[in-house]
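Computed from the coordinates by the stated procedures, all read-outs in this text should not be read as laboratory data. Note that the structure is predicted; figures quoted are calculated from it, not measured. All Cβ positions, glycine included, derive from the backbone under ideal geometry; neighbour counts span all protein chains shown.
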């Protein structure tokens, strides 16, 4: 690690928050599609909904990992030499 603070274009913590929010929205959209498919008997829509739910959960997990990584890197940056 270098002594200077990271100067990324996108802060990992902010990017993580964005991914968590987008993932939650995608998961909710998938749940709605899955439920609608169940009500109408459309198995294809249910499968699409399940896929969107999984995609949303994965994106949320990515966001959490980005935020954790940001915390770890910030701790390393703040250590005294």
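Points worth noting:
- Cα centroid separation, the range 25-50 to the range 61-76 (Å): 32
- Cα gyration tensor of the range 12-74 - equivalent ellipsoid semi-axes, whole Å, descending: 31, 8, 5
- FRET efficiency, 1/(1 + (r/R0)^6) with R0 30 Å, evaluated for residue 62 and residue 40 via beta carbons: 0.40
- Sorting 22-34, 43-55 by their mean Cβ neighbour count within 10 Å, with the most densely packed peptide first, gives 22-34, 43-55.
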